[in-house]
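The values are calculated or read from the model by the stated rules, or taken from the named source; none is laboratory data. Everything numeric in this text was worked out from a predicted model, so none of it was measured. When we count neighbours, we look across all protein chains shown, and the Cβ atoms used for this are built from the backbone with ideal geometry, even at glycine.
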Amino acid sequence: MQNSSSVLKNWYSEKNPINLNAYQALVVIAPYGTKTEELKKLLEPAVSTKVLQFLKRRKFKFKASQHISFDISSKHKFSCLILPKKFNTFSSLELAREVLSPLKTDHPSTVVIRIPALLPENENQWIDSFVSTAVALNYEPPKYSLQAALKKPKKDSSLSLSFKFSHSRLSNAQKVAMLSEASALKTNLVRHLTQRAGNDLTPLVYVKTASEMAKNAGLKTEFFSISDLLKLKAGAFIAVAKGASENSSGILKLSYHPNKAKRKIALVGKGITFDTGGNNLKTGSHMFGMNNDMAGSAVVLALCLLAAEEKWPIQLTGYMAITENVLSEKSYRPNDVITSLKGKTIEVIDTDAEGRMILADTLTLASREKPDLVIDFATLTGSVIRALGTQYSGGYSNRKYLLSLIRKAGVLSGERVWSFPNDKDYGRCLKSEIADIKQCRLTGGVDHIEAAYFLSQFIEKGVDWVHIDLGAMEPEEPLAHIPKKPSGFGVRFAKKLIELSK
Ligand SMILES: [Zn+2]
């Protein structure tokens, strides 16, 4: 599925010189303001003569944010990144991608990264940026080729990193690097699952795959099948799922409950394994790519696995709402009136707004357990992309304090989220003459904000809630450290948000 061997190779300290034959590239991170003399001190004697000659020939002037790269020999590349005066997580991830991308070759290669003493928090940031980028560059999409079917091993082109630090900083650096790698591998898992074909990752296969992964990680699993959901009267979920081709849809609940956990957090994810729009059938270009409509639930799975792996000191419960939205004689239709798990009736307007239907009941289920915070993830609306492009995802909440925390978690994680209002008047357009609420409006409006308002109506009273509309899941351009879509957006962001929301 993905390269599971570690991207981290050797750790060098001052006492333990770099073996020049063991790497293909050397990258030096030089602090802002570095000049030739300081650079010389950062280099191994065998390299420094060549580098300084090169810089002299080029009449090189040191400037901030500069990235120089050249061949020291036929087998070795040298790269130096002079840091800008100011940087944040997003820009350092971006810079790490600019440095490492050209070093990813068609054969295995090792890059030694030398990070001289920077401010401690910046040092951690640069370690994280390079490790996360290397893992992202090593990502391989799922392959359905004959070669893959015959299980012929593919040529190894993985990139690995070695680091050089002073002895006293080595153990901190190793800890940071390992945490970064674990998160980045989970982002790759999200990317992998969202790229699986819709006829491969069906609801049946998805439930089975996710359950197995969760059990192997020591998580408790519980599956609410269609018959369970019928008994619970989860009509909004059933409305979408009854059109699905197999009767294998349902809500997969994953629990990570360590002893003495002080906080309870619930995660909810949209898991539409393919979205044709249903009776409001999408047209060609709008339907293409709709195998990614389960990305939100993949983020939930990834976070639950990560929590168990890293032994987070919180109680985490994940709810993956898994089905498909297809056209069949049983599919729900516009003008249908559906009774949700919460008891509220919904007037169906457009069957392509299926995400908010399955999430409505799943959010009720999750919020009934009274967690301290519910966070849901969904590729919910096209209108969030019209508002923000694919660079940011949209954040929404029923609490003002969480709106600023959402933006802060976006800045600190490098997965940027912009927050939108959730004032009552956004709900006026959802007044129905025949039911408690309309699913959406027919045309116009600000669907991403109105969808969030709709979802907020299904949260149990007193429960804090954040909704993330994953507009940045399929970025048109490289995004931060991610060279190519899908981005797997959400793991970095949510880990930071959970940390901040203490
Ligand atoms: Zn849809």
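Only one residue in Asp106, Asp71 is among the charged types (D, E, K, R) and farther than 23 Å from Tyr12 by Cα. Which one?
Asp106
For Gly382, all conditions in the list (1) within 16 Å of the ligand (Cβ to nearest atom); (2) in contact with a helix residue (DSSP H, G or I) (Cβ under 7 Å, 6 or more places away or on another chain) hold save one; what is the number of the exception?
(2)
Just to be sure, is Phe62 part of a loop (DSSP other than H, G, I, E, B) and within 21 Å of Val131 (Cα to Cα)?
Working: part of a loop (DSSP other than H, G, I, E, B): yes; within 21 Å of Val131 (Cα to Cα): no.
Against the criterion (part of a loop (DSSP other than H, G, I, E, B) and within 21 Å of Val131 (Cα to Cα)), Phe62 does not qualify.
Give all pairs with beta carbons closer than 6 Å in which a residue from the range 266-289 that is in contact (Cβ under 8 Å) with a residue 40 or more places away in the chain meets a residue that is near the ligand (Cβ under 10 Å from one of its atoms) and assigned to a strand (DSSP E or B); count only pairs at least 6 apart in sequence or on separate chains.
Note: pairs meeting the criteria are Ile272/Asn325; Asp275/Asn325; Gly278/Asn325.
Any residue in the range 324-335 that is of a type in the set (Val, Ile, Thr), within 16 Å of the ligand (Cβ to nearest atom) and buried (at least 24 other Cβ atoms within 10 Å of the Cβ)?
Filtering the range 324-335 down to residues of a type in the set (Val, Ile, Thr) leaves 326.
Checking which are within 16 Å of the ligand (Cβ to nearest atom) leaves us with 326.
Cutting the leftovers down to buried (at least 24 other Cβ atoms within 10 Å of the Cβ) gives us none.
No, the range 324-335 contains no residue that is of a type in the set (Val, Ile, Thr), within 16 Å of the ligand (Cβ to nearest atom) and buried (at least 24 other Cβ atoms within 10 Å of the Cβ).
Consider Ser145 carefully, then state whether it is of a type outside the set (D, E, K, R) and at pLDDT 90 or above.
Values: of a type outside the set (D, E, K, R): yes; at pLDDT 90 or above: no.
Judged against the criteria, Ser145 is not a match.
Name, by its number, the condition in (1) within 16 Å of the ligand (Cβ to nearest atom); (2) under 13 Å from the mean Cα position of the chain (by Cα) that does not hold for Asp275.
(2)
Only one of these conditions is not met by Cys304: (1) part of a helix (DSSP H, G or I); (2) more than 18 Å from the chain's Cα centre (by Cα); (3) more than 12 Å from the ligand (Cβ to nearest atom). Which number is it?
The single condition Cys304 does not satisfy is (2).
So which helices (runs of 4 or more DSSP H) stay within the range 76-161 end to end and still have 2 or more residues that are crowded, with 22+ Cβ neighbours inside 10 Å? Working first, answer last.
Details: elements: 89-100, 120-137, 146-149.
By residue number, 89-100, 120-137.
Looking at the range 87-121 only, could you name the residues that are more than 18 Å from Ala134 (Cα to Cα) and at pLDDT below 90? Full working, then the answer.
First, the residues of the range 87-121 that are more than 18 Å from Ala134 (Cα to Cα): 87-88, 116-121.
Hits for the range 87-121 are Pro116, Ala117, Leu118, Leu119, Pro120, Glu121.
Spot the failing condition for Leu363; the list is (1) more than 21 Å from the chain's Cα centre (by Cα); (2) within 30 Å of Ser183 (Cβ to Cβ), and only one is missed.
Evaluating Leu363 over (1) more than 21 Å from the chain's Cα centre (by Cα); (2) within 30 Å of Ser183 (Cβ to Cβ) leaves (1) as the failure.
For the range 393-447, name all the residues that are β-branched (Val, Ile, Thr) and either at pLDDT below 95 or surrounded by fewer than 22 Cβ atoms within 10 Å (Cβ to Cβ) (or both).
Taking the range 393-447 and keeping what is β-branched (Val, Ile, Thr), we get 406, 411, 417, 434, 437, 443, 446.
Val411, Ile434, Ile437, Thr443, Val446, listed by residue number.
Asp447 - would you say it is within 30 Å of Asn335 (Cβ to Cβ) and either touching a Gly at 6+ places or on another chain (Cβ under 8 Å) or not assigned by TED's automatic domain parsing to the domain that holds Gly490 (or both)? It would help to see each step written out before you state the result.
Working: within 30 Å of Asn335 (Cβ to Cβ): yes; either touching a Gly at 6+ places or on another chain (Cβ under 8 Å) or not assigned by TED's automatic domain parsing to the domain that holds Gly490 (or both): yes.
Judged against the criteria, Asp447 is a match.
Name the pairs whose Cβ atoms lie under 7 Å apart, with the first residue in the range 37-59 and outside any helix (DSSP H, G or I), the second at pLDDT 80 or above, and 6 or more positions between them or separate chains?
Leu43/Val28; Leu43/Val51
If you take just the helices (runs of 4 or more DSSP H) that sit entirely in the range 200-275, which of them hold at least 1 residues that are among the aromatic types (Phe, Trp, Tyr) and buried (at least 23 other Cβ atoms within 10 Å of the Cβ)? Explain how you work it out, then say what you get.
Working: elements: 203-216, 226-232, 235-241.
Correct list: 203-216, 235-241.
In the range 281-301, what residues are surrounded by 19 or more Cβ atoms within 10 Å (Cβ to Cβ) and outside any helix (DSSP H, G or I)? Break it down into steps so the answer makes sense when it comes.
Of the range 281-301, the ones surrounded by 19 or more Cβ atoms within 10 Å (Cβ to Cβ) are 290-301.
Scanning the range 281-301 gives Asp293, Met294.
Please verify whether the range 212-228 includes one or more residues that are within 16 Å of the ligand (Cβ to nearest atom), more than 26 Å from Asp464 (Cα to Cα) and of a type in the set (S, T, N, Q).
Of all residues in the range 212-228, those within 16 Å of the ligand (Cβ to nearest atom) come to none.
No, the range 212-228 contains no residue that is within 16 Å of the ligand (Cβ to nearest atom), more than 26 Å from Asp464 (Cα to Cα) and of a type in the set (S, T, N, Q).
Working only within the range 407-447, note down all residues that are part of a helix (DSSP H, G or I), in contact (Cβ under 8 Å) with a residue 60 or more places away in the chain and not small (Gly, Ala, Ser). Outline the logic, then answer.
Filtering the range 407-447 down to residues part of a helix (DSSP H, G or I) leaves 407-413, 424-430, 447.
Next, from what is left, pick out any that are in contact (Cβ under 8 Å) with a residue 60 or more places away in the chain: 408-413, 447.
If the condition is that a residue be part of a helix (DSSP H, G or I), in contact (Cβ under 8 Å) with a residue 60 or more places away in the chain and not small (Gly, Ala, Ser), then Lys408, Val411, Leu412, Asp447 are the ones that fit.
Which numbered condition in (1) farther than 16 Å from Gly490 by Cβ; (2) surrounded by 19 or more Cβ atoms within 10 Å (Cβ to Cβ); (3) away from the ligand (no atom under 16 Å from the Cβ); (4) of a type in the set (Val, Ile, Thr) is the only one that Thr339 fails?
(2)
Counting only residues that are surrounded by 19 or more Cβ atoms within 10 Å (Cβ to Cβ) and farther than 25 Å from Gly343 by Cβ, how many does the range 448-474 have?
Selection size over the range 448-474: 7.
Would you confirm, using the coordinates I've provided, whether Ser171 is at pLDDT 90 or above, in a helix (DSSP H, G or I) and either surrounded by fewer than 17 Cβ atoms within 10 Å (Cβ to Cβ) or of a type in the set (Asp, Glu) (or both)? Walk me through how you get there before you give the answer.
On the way: at pLDDT 90 or above: yes; in a helix (DSSP H, G or I): yes; either surrounded by fewer than 17 Cβ atoms within 10 Å (Cβ to Cβ) or of a type in the set (Asp, Glu) (or both): yes.
Here the answer is yes, as Ser171 does meet what is asked.
Only residues that are more than 10 Å from the ligand (Cβ to nearest atom) and touching a Ser or Thr at 6+ places or on another chain (Cβ under 8 Å): list them for the range 348-371, please.
Keep residues of the range 348-371 that are more than 10 Å from the ligand (Cβ to nearest atom), which gives 348-349, 358-371.
Residues satisfying the conditions are Ile358, Ala360, Asp361, Thr364, Ala366, Glu369, Pro371.
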